[in-house]
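Below is one structure, written out as structure tokens, with a few remarks after it.
The values are calculated or read from the model by the stated rules, or taken from the named source; none is laboratory data. Nothing here was measured: the structure is a model prediction, and the numbers come from that model. Please note: Cβ atoms are built from the backbone with ideal geometry, for glycine as well, and neighbour counts cover all protein chains shown. The protein model used for the area step is the full one, side chains on, heavy atoms only, and it has no ligands, DNA or RNA in it. Shrake-Rupley method; radii C 1.70, N 1.55, O 1.52, S 1.80 Å.
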Amino acid sequence: MSETRGMSEAVMKDSKAALPSDIPETTVWKDFLSLIKVGIVNSNIITAFTGVWLALHFSGLSFLSNLDVVFYTLAGSALIMAGSCSFNNYYDRDIDHLMERTKNRPTVTGKVQPSKVLVLSFGLIAAGLILLALTNMTTAIIGAFGVFAYVVLYTMVFKRRFVSNTIIGSISGAVPPLIGWAAVDPGLDTMAWVLFAIMFLWQPPHFYALAMRRVEEYRAAGVPMLPVVKGFKAAKRSIMLWIIVLMFIPFFLTPLGTPLVVLAALLSTGWLILGIKGYRKKDDVKWATSMFVYSLNYMTILFVAMVIVTLI
């Protein structure tokens, strides 16, 4: 690990001249949001909220009477995610300048000292775990596992070494709904694991599509994403297989009612049809873009719908 890091740091120093001279002006707040990857934090908060909401619903507990639990859960989840993402930026600062979408991060441009980013990361994670512990220890333990999975397993061990990095990263990405549920019901009902399964299976096709769009950037950075190592054909095949498996999981959502199950089935079927429709087209990047956009809508619509059906 140290040898790999040393080589990467050397590459970064040798390629300083390649850094963009027209770095866009940003504010401190924008730099902070970039450090914590606010988009990832926001999307994961949706799934964490769904977890806590459904746990309250099935436990017969009032949402308004448990606002303290909701606050501790969402704030704690947001903080550990922000801290984990900030650490990811700290750790990957030697390769992020090689990728278009990451080259202007403050850890790359030098606007923020690495030591300060590291302190911020651990500070956010610690604060988040404390808030989660105010609900119960099970929630804090699950949160700590999520941090470990993302920071150690994904960022430090698998991301730069193994093509299975996306699968490992999917574990941490599926933890938020478990955190939300455990805050109300530490016993983790079967429904909590269904939410976990949906999020876990959703991520590979989502990120493989993203990797296809950014394949040359990942190649330049030396990150062994599936499209880089095995090509577009293997990536497309894998995307379709993950979607097919995902199609069966929402049928375990029957406690939320038939309309929700039908909606989930339609969303999955639509994703599969979209993939089949453009599977043999020559423009693989265009296909990947449509699959990526659909994946975002799939996740948002499904998890928001889970909340809505309990209000009807």
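Here the condition is being among the polar types (S, T, N, Q), touching a helix residue (DSSP H, G or I) at 6+ places or on another chain (Cβ under 6 Å) and open to solvent by 30 Å² or more (accessible area, probe 1.4 Å); of Thr166, Thr155, Thr138, it holds for Thr138 alone.
Remark: Ile243 matches the filter, which requires a residue to be buried (at least 22 other Cβ atoms within 10 Å of the Cβ), within 22 Å of the chain's Cα centre (by Cα) and more than 17 Å from Lys286 (Cα to Cα). Within region 247-289, take every residue that is assigned to a helix (DSSP H, G or I) and of a type in the set (Gly, Ala, Ser) and give me the one that is nearest to Ser59 (Cα to Cα). Here the residue is Ala264.
Which one is least open to solvent (accessible area, probe 1.4 Å), of the residues in region 45-70 that are among the polar types (S, T, N, Q) and free of Cβ contacts under 8 Å to residues at least 60 places away in the same chain? Filtering first and then ranking leaves Ser62. Residue-level analysis places Leu79 among those that are within 11 Å of Ile36 (Cβ to Cβ) and in a helix (DSSP H, G or I). With the condition kept exactly as written, say whether any residue in region 221-236 is within 30 Å of Ile308 (Cα to Cα) and at pLDDT 95 or above. No: zero hits.
Here Ile244 does not fit the description of being more than 30 Å from Gly128 (Cα to Cα), in a helix (DSSP H, G or I) and touching a Phe, Trp or Tyr at 6+ places or on another chain (Cβ under 7 Å).
Yes or no: Lys111 open to solvent by 60 Å² or more (accessible area, probe 1.4 Å) and over 23 Å from Leu296 (Cα atoms)? Working first, answer last.
Values: open to solvent by 60 Å² or more (accessible area, probe 1.4 Å): yes; over 23 Å from Leu296 (Cα atoms): yes.
Taking the combined requirement at face value, the residue satisfies it.
Restricting the search to region 217-239, which residues are closer than 21 Å to Ala197 by Cα and surrounded by fewer than 18 Cβ atoms within 10 Å (Cβ to Cβ)? If the condition is that a residue be closer than 21 Å to Ala197 by Cα and surrounded by fewer than 18 Cβ atoms within 10 Å (Cβ to Cβ), then Arg237, Ser238 are the ones that fit.
Against the definition (farther than 18 Å from Trp193 by Cα, of a type outside the set (A, V, I, L, M, F, W, C) and assigned to a helix (DSSP H, G or I)), how does Tyr294 come out, yes or no? Let's see the steps before the verdict.
Working: farther than 18 Å from Trp193 by Cα: yes; of a type outside the set (A, V, I, L, M, F, W, C): yes; assigned to a helix (DSSP H, G or I): yes.
Spelling it out, Tyr294 is indeed farther than 18 Å from Trp193 by Cα, of a type outside the set (A, V, I, L, M, F, W, C) and assigned to a helix (DSSP H, G or I).
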